[in-house]
Amino acid sequence: MAEHTLVGHRVPRIDSLDKATGQARYTADLTLPRMLYGKVLRSPHAHARILNIDASKAERLRGVKAVVTGRDTAGVRWGVFRYTRDQQLLTGDKVRYIGEDVAAVAAEDEETAMEALELIEVDYEVLPAVFGPLEAMQEGAPQIHDHAENNINIHVPIEVGDVEKGFKKSYHVREDRFVDSEYTYCQTEPYAVLVNCDLSGNLEIWTPNASPHTKAKALSNLLEMPLTKVKVRRICTGGAFGGRSDIFPGEFIAALMALKAARPVKLVYTREESFTSVRQAHSMIVDLKTGVRKDGTLLANEIKVIMDGGAYSSTGPIATSVPFLVWEETYRLPNVRFNGYRVYTNKPVRGMYRCHGRAFLGGLGMQLDMIAEELGIDPVEMRLRNALRTGDTQATGSKIISCGLSEALQQAAEKSGWKEKRGKLPFGKGIGMGANGMMVGFPMGIRGGSSAMIKFNEDGGATLISGVVDTGSGNDSMVVQIAADVLGLKMEDVNLVSADSEITPLDQGAYSQAAAFVSANAAMAAAIDAREQILNIASDMLDATVEELGLRDGYVYMKERPERNIWMGKAIRKALMDDTPIMGRGSYMPKIDQTREWVSNPKGQQAGTFSFGAVVAEVEVDAETGQVRVSNVTGAHDCGFAINPMAVEGQLEGSVASGGVGATLLEEHYWDGGQMLNASMLEYKVPLSVDMPQITPIIVESMDPEGPFGAKEAGLWGSMNMFQAIGNAIYDAVGVWIKDFPITPDKVLAALEERNRD
Amino acid sequence: MEKRLIHLSVNGDEYDVVVRPNQTLLEVLREDLELTGAKEGCGEGACGTCTVLLEGKPVRSCLTLAVEAQGKQIETVEGLASDGELHPVQKAFIEHGAIQCGFCTPAMILTTKAFLEENPNPSEGEARRAISGVVCRCTGYAKIVAAMMATAGEL
């Protein structure tokens, strides 16, 4: 890597200048001439039949330009998969949660739109509703969708090996139940969408998103318009964390109104609407049975999870599977049975979240510690004994081509002072460990790959055209860093055109942790292709072979005689004159089993590669108040190779906030039936600067054979393993296991009181 | 509601704006003056992304009426760089990787500027407390605090 001028170096991100000066534009910042303002009428009922909607008074209000209801949608239903098409994005027959979209208005200003909403009369027949998955599965529970008996939305069954035999052979077997409540993304940018349409039937859409191509395809299906006419434009996105992936009612409704009014429509949600009417994270009830040999080797696992999916499917099949997959991507599981149920309830829709499955993964990682203690094994040793290694095959059949898990475990233990601290700290202080593996991409058919192009200006500058999507984590900067490095240019000499469904090629988006592996591989291939073309032209001009040439600082030079060189612009001009213009082209499709399917065929190669991480958390527990404070976090992540170590660290630090302090200790929603009681940032507590521990990020580089320069992914580390580390550290501090997330002071106090009673 | 003409002084520029008395400073900055660096994250003073400086002090512009800001110096992120030169706080945020999605960045930078002008050599704990009114969901605050500490003593 010594040759690299950019890759592997700490470089400022290309997007940070605009963001530091207020020039970066987010959807709500945009205005267009003659733009209208949209507002949505939402259901006040958790479950009701819509008997009639009368919007005539609203339509007559001065300044109102379009009113839409379910009547305008022809009953078209959306689902991420063919078998999950259960949601009318502007509901027609029924409402299934409080906050569901019933009608919408576009008017000359926001006040008029709000006034018009008051004039829409909706007759509801209120139906019995159900708010918990266990109740929803019972005989006689209100049926939320006609097609789903017992309200079961998705069932994923997986069985590998002989589970009964595994338990029989086990020296020790343990069973535990872990639960959690609903929580949410709470991206700093509330949901917003702007739609423009012209008389030729072109639609342009700006909305915070993780995949313009996915949004465009869905809208094209729903509006029955050709994909070439639906253009989702690039726009800055204020955080995603999994919550900007599939299509939402807002885009569809704003598009309907823009088409109806033949004017641009902007729809900006309030924070309350962003909480209730976009996406949340699932709550879960997780039953775990684990059997091990005397030395701690896992022999059998039985896992049953029931997830509260809310009113519609969203990414249900993926959400039902992912926590299990993360577990099988971490440890060797010879005999395992998994039954995942995602259940409909009359609550808002749940989707994939960066910290999805805290009860599931937190539970498994804490149960591992319980077993280790019962067998007298150190928790680090317990993990090392079961950790996957390079060359292993996971339970459902994915090969591991690079794995730094053992190294991550060892480094996190060593740098945190594990040996000196574990079990040796005074009462109230504790240390605990967690670990995870993570899929880097997953099967998404034609949308699972990425492609890129590079063109050149006659002054030697380049433009990279890539489908890569950046929701805040630095993907844009990453592909430019790679292209500039390969082409021997400065980052400022490479423009980027990205994330536009009309202009940029297909890409999976900032989703499934695939950008650094898939999008960056495609960008790298395009840069290598362009580089070869440049060197070919230059080899004639310098009278040298291609192998003798290098590219640096905008010049082609002979490696042995650097004084013999030409300006790259010259080669680019010659290529133009010769009618062989330099156009780099590259693509990458990860080597996965495309027949793998979440529900019907959950076996085969799941992802092109896997990342791995380990974390050690230190906590201080106040036994008087039950308050838990995370004081130190030492985390090691095998990201393959750090293209920009500063950006990798930023991902690790961010996931200590989201997965650690946030998901483990603070974040949850409160309900009265189907009514969310804390749809507000005053009441939904997220980590602040003063809540954060000292963080020591450690980058482990396993140099993946497929990844660009060896890179894999960096975002899903602490967000998926901090629950375990903090739960285990609390036990080390005060001797109680809290099996209910988030671990709030009341639960700690109750557990301490119960222990003292015993 | 009857509109009235008010006079605002933003980033050293003078503006006459016609506003309703219930319009917030945030709305007027974003919609009338097209200064969209200040963001609306919650509209109730909880998240801090709407922070601007009023007479050098950070305020929630979503909780400040535009009419209240008359006769005071208003500073937004757009006014920080001068003569094409970035403010040292902006430079530090860029160089230390303190910016991810960027939605909270204008508020973080303005809060830092006001804080460091008042307390040029803070402890790390003081720096953390200074930005504890602005929510960031991306960075875990680590690199923001690092950028703050790197700028300390420079203003």
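The figures follow:
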item	result
Approximate spin-label separation A:TRP567-A:LEU677, in nm, with each point projected 7 Å along Cα-to-Cβ	7.1
Residues whose placed amide H lies under 5 Å from that of A:TYR185, excluding near-sequence neighbours	A:ALA281
Peptides A:704-712, B:21-29 ordered by average Cβ neighbours within 10 Å, highest first	A:704-712, B:21-29
Cβ-based net charge around A:GLY461, under 12 Å, with every Lys or Arg adding one and every Asp or Glu removing one	-2
Computed E for B:ASN22/B:GLU85 - FRET, C-beta separation, R0 35 angstrom, nearest 0.05	0.35
In nm, spacing of pseudo-spin labels at A:LYS490 and A:HIS155 (7 Å Cα→C-beta vector)	6.3
Calculated from backbone phi, Karplus (6.51, -1.76, 1.60) coupling profile of segment A:370-377 in Hz, x at Gly/Pro	4, 5, 4, 5, 5, 9, x, 10
Cleavage-rule hits, GluC sites (Glu not before Pro), segment A:415-492, DSSP coil, Cβ neighbours within 10 Å at most 11	A:GLU458
Kirkwood hydrodynamic radius over Cα pairs of segment A:543-657, then Stokes diffusion coefficient at 25 °C and 0.890 mPa s, in µm²/s	119
Long-range HN-HN contacts of A:ARG564 with modeled amide H, under 5 Å	A:MET558
Nearest-20 debye value, segment A:444-588 charge dipole, Cβ charges on Lys, Arg, Asp, Glu	120
Segment B:4-79, Cα convex hull volume normalised per residue, Å³	73
Gain in span if fully extended, A:VAL76 to A:LYS603, counting 0.36 nm per residue against the direct Cα distance	186.5 nm
Ordering of A:73-83, B:138-148 by burial proxy (mean other Cβ atoms within 10 Å per residue, highest first)	B:138-148, A:73-83
Other-chain or far-sequence residues with amide H under 5 Å of A:THR315's (modelled H)	A:MET352
Overall Cα dimensions of segment A:379-434 - principal axes, largest extent first, Å	44, 20, 13
C-alpha center-to-center spacing [segment B:129-147, segment A:2-20] in angstrom	21
Cα lying deepest toward the dipole's positive end in segment B:88-151, options B:GLY102, B:ASN121, B:ALA147, charges on Cβ	B:GLY102
Dipole of segment B:4-79, positive direction: furthest Cα of B:VAL67, B:GLY43, B:GLN23, with charges on the beta-carbon	B:GLY43
Bins of 10 Å, starting at 0 and running to the largest distance - Cα pair percent for segment A:413-471	14, 22, 15, 15, 18, 12, 3
Alpha carbon convex hull of segment A:53-99, volume per residue in cubic angstrom	109
Helical contribution to [θ] at 222 nm, DSSP H n ≥ 4, -39,500 (n - 2.57), averaged over chain A, rounded to 500	-8000 deg cm²/dmol
Point-charge dipole on Cβ atoms (K/R +1, D/E -1) for segment B:68-111, about Cα centre, debye to 20	120
For chain B, average projected area of the Cα convex hull in nm²	8.8
Inter-chain shielding of A:339-351 (mean C-beta neighbours from other protein chains, 10 Å cut-off)	0
For segment A:418-455 and segment A:619-665, distance of Cα centres in Å	11
Alpha-carbon radius of gyration plus Dmax, which is the widest Cα pair, for segment B:88-151 in Å	10.2, 28
Cut-off 14 Å between beta-carbons: net charge of the residues surrounding A:GLU597, Lys and Arg +1, Asp and Glu -1	+2
Histogram of C-alpha separations across segment A:182-227, 5 Å bin width, %	5, 17, 24, 23, 14, 9, 5, 2, 1
Phi to ³J(HN,Hα) by Karplus 6.51 cos²θ - 1.76 cosθ + 1.60 over segment A:675-686, Hz, x for Gly, Pro	8, 6, 8, 10, 7, 7, 6, 6, 9, 8, 8, 10
Those GluC sites (Glu not before Pro) in segment A:35-110 that DSSP places in a loop and that have at most 16 other beta carbons within 10 Å	A:GLU108
For segment A:609-691, diffusion coefficient by Stokes-Einstein and Kirkwood Rh (Cα), 10 °C, 1.306 mPa s, µm²/s	105
Inverse mean reciprocal Cα-Cα distance (Kirkwood Rh) of segment A:444-588, Å	15.3
Cβ charges +1 (Lys, Arg) and -1 (Asp, Glu), total dipole of chain A, debye	820
Net charge contributed by nearby residues that have their C-beta within less than 11 Å of A:ALA141 (K/R +1, D/E -1)	-3
For peptides B:87-94, A:536-543, sequence by mean Cβ density within 10 Å, most packed first	B:87-94, A:536-543
Computed Rg/Rh of the protein assembly as shown, alpha carbon atoms with Kirkwood Rh	0.97
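The numbers here are math on the coordinates, done by the rules we state, and not lab data. Values in this document were obtained by computation on a predicted structure and should not be read as measured data. So basically every Cβ, Gly included, is an ideal-geometry build from the backbone, and we count neighbours across all protein chains shown.
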